[in-house]
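Asks: A single structure is presented below for examination.
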Amino acid sequence: QFPFGRRLPCDIYWHGVSFHDNNIFSGQVNKFPGMMETVRKITLSRAMRTMQDLFPLEYNFYPRSWILPEELPLFVAEVRVMKDSDPSWKPTFIVKPDGGCQGDGIYLIKDPSDIRLTGSIQSRPAVVQEYICKPLLVDKLKFDIRLYVLLKSLEPLEIYIAKDGLSRFCTEPYQEPTLKNLHQVFMHLTNYSLNIHSENFIHSTSVNTGSKRTFSSILCRLSSRGADVKKLWSDIISLVIKTIIALTPELKVYYQSDIPSGKPGPTCFQILGFDILLMKNLKPMLLEVNANPSMRIEHEQELSPGVFENVPSPVDEEVKVAVIRDTLRLVDPQKKKRKDAQLLQWQVGWNGMSFGPSPPNPSVILCRRCPRLEHVPESSESLLDAVPAERPEPDAPRSPEAGLPSLCLKQVFPKYAKQFDYLRLVDRVAALFIRFLGVKGTTKLGPTGFRTFIRNCKLSNSNFSMAAVDILYIDITRRWNSMGIDHKESGMCLQAFVEAFFCLAQKKYKSLPLHEQVLSLIEFCECHLAALDEKRLLWGWG
């Protein structure tokens, strides 16, 4: 442990909370810059809403949300309209402070007028969401799922999901919310840090009993009742990939700010905690994403009044040790060196032929057993797996992983990229935003950068003058800045640019659905910029 940082270079830096070290120029860091800000409740809700605007059916796994205090009038108005159109609708809403964790400050309401309009709502903004009233119950108890997701790389995007997770139970039998039981947190909130204080909390002595169990034990139980567990897993994988796709644009802006391209810097990876609730019909709903999921494998037990002892938790140990171990296996720099060394052996001559230190094509290897080239499948499978296995030499060193269990982390992206790539529109909008940022290390676009974007993409015309461009920039930027979003820099943040881009797309392609409008404008801009780059290249040669 190096509480004050470490100057000597390392292969892997494991930070406790967030990426905060500007003196790392190599190796790998277990945090992405900006991840904590990106998964905060308000930022996550904004990202999910953007995707819901583009793809409403694909993103129906996130509850309808409003941001307080700025959207309080909108929340009141929309609830009134919904109640007027359906008098039988008796909603419940859950209010979550933006920076809260471990259930802190969360409460349930039946009507917008019940929001606690104290001074704290201004200083501590929140998200209010529709409460999921019909969750799946086990032993009459509500529970949620904590799944561990490894974001191994941002560019190219690489995502792994742990094959097992935690199921965290409430400690009082569930009843649908009423005015009488709204305040019973042990019935409605699944947070472990809350329920551990309940007299009904049961410390688990095995993986399938108690108030915290493995997710696999719940799946076994559901399977025995005839539930389609394969479809459930497929839906969960889809939810995770779509959520990461919603988060990556913001992460890329932070990444280029902290680790500018062309300068020495580390690569990043991060373990995320996805909190998911299963509805009665087994539809998974995303509750939140945690940038720093707890990796403790013990719990405190009170031996006598005021005397506590740390006791091992078999459930936490079962799940979390595997996640940490296999994350380190996947990012192990020595593994890459071993792969490179092995690949070099295959590249050195069939019957003495040599390709030299670098292969003519990195996706092609020469197999020792036959004089033909074999193409390695474009997937995340190890290059070594593509090489025909040979009987090890008697004195060959044993692989460091030979005695380890199979990986608990399953790759889901790029494995399923073809099914989800069409959703990555905001990623392409973010690429345009980053291109015109100008100054390295910034996260906001100035008025000159916005005007350059409009000019280079040929978006101004007689119906949309540069004066109108300036007005659009000022109006949207002023509104986003008034929401209290990061006042360290002046200018247009990514979310404001996305709003402006959508506005331009709707002006230019009026008759199309929003996602087609946005796609058409992206392709229009990319085409003009590609032509401009080609011209500059020719001028350079000239």
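Asks: Among the helices (runs of 4 or more DSSP H) confined wholly to the stretch 117-202, which include 3 or more residues that are in contact (Cβ under 8 Å) with a residue 24 or more places away in the chain, open to solvent by less than 20 Å² (accessible area, probe 1.4 Å) and not acidic (Asp, Glu)?
Replies: In the stretch 117-202, no matching helices (runs of 4 or more DSSP H) lie anywhere.
Asks: Taking the condition at pLDDT below 90 and out of contact with any helix residue (DSSP H, G or I) (no Cβ under 8 Å at 6 or more places or on another chain), does GLU176 pass?
Replies: Criteria not met by GLU176.
Asks: A further question follows. Considering only residues that are closer than 23 Å to THR448 by Cβ and either touching a residue at least 24 places away in the same chain (Cβ under 8 Å) or over 27 Å from the mean Cα position of the chain (by Cα) (or both), which ones fall in the stretch 497-520?
Replies: PHE497, VAL498, ALA500, PHE501, PHE502, CYS503, LEU504, LYS507, LYS508
Asks: Please verify whether CYS525 is at pLDDT 95 or above, buried (at least 16 other Cβ atoms within 10 Å of the Cβ) and either out of contact with any Asp or Glu (no Cβ under 9 Å at 6 or more places or on another chain) or not assigned by the TED database to the domain that holds ASN456 (or both), treating the condition exactly as stated.
Replies: yes
Asks: Sticking with this one: Filter the strands (runs of 3 or more DSSP E) completely within the stretch 205-297 down to those with at least 2 residues that are of a type in the set (Val, Ile, Thr) and assigned by the TED database to the domain that holds GLU176.
Replies: Strands (runs of 3 or more DSSP E) meeting the threshold: 270-278.
Asks: Of the numbered conditions (1) open to solvent by 30 Å² or more (accessible area, probe 1.4 Å); (2) of a type outside the set (Asp, Glu); (3) in contact with a Ser or Thr (Cβ under 8 Å, 6 or more places away or on another chain), TYR255 fails exactly one; give the number of that condition.
Replies: Evaluating TYR255 over (1) open to solvent by 30 Å² or more (accessible area, probe 1.4 Å); (2) of a type outside the set (Asp, Glu); (3) in contact with a Ser or Thr (Cβ under 8 Å, 6 or more places away or on another chain) leaves (3) as the failure.
Asks: On to the next question. Please specify each residue of the stretch 435-451 satisfying the condition of being open to solvent by less than 50 Å² (accessible area, probe 1.4 Å) and either touching a Gly at 6+ places or on another chain (Cβ under 7 Å) or at pLDDT below 95 (or both).
Replies: Of everything in the stretch 435-451, those that are open to solvent by less than 50 Å² (accessible area, probe 1.4 Å) and either touching a Gly at 6+ places or on another chain (Cβ under 7 Å) or at pLDDT below 95 (or both) turn out to be PHE436, LEU437, GLY441, THR442, THR443, LYS444, LEU445, GLY446, GLY449.
The values are calculated or read from the model by the stated rules, or taken from the named source; none is laboratory data. Small disclaimer: the values here were computed from a predicted structure and weren't measured. Every residue, glycine as well, gets a Cβ built from its backbone with ideal geometry; the counts of neighbours run over all protein chains shown. These area figures cover heavy atoms from the full protein model, side chains too; ligands, DNA and RNA do not enter into them. Shrake-Rupley method; radii C 1.70, N 1.55, O 1.52, S 1.80 Å.
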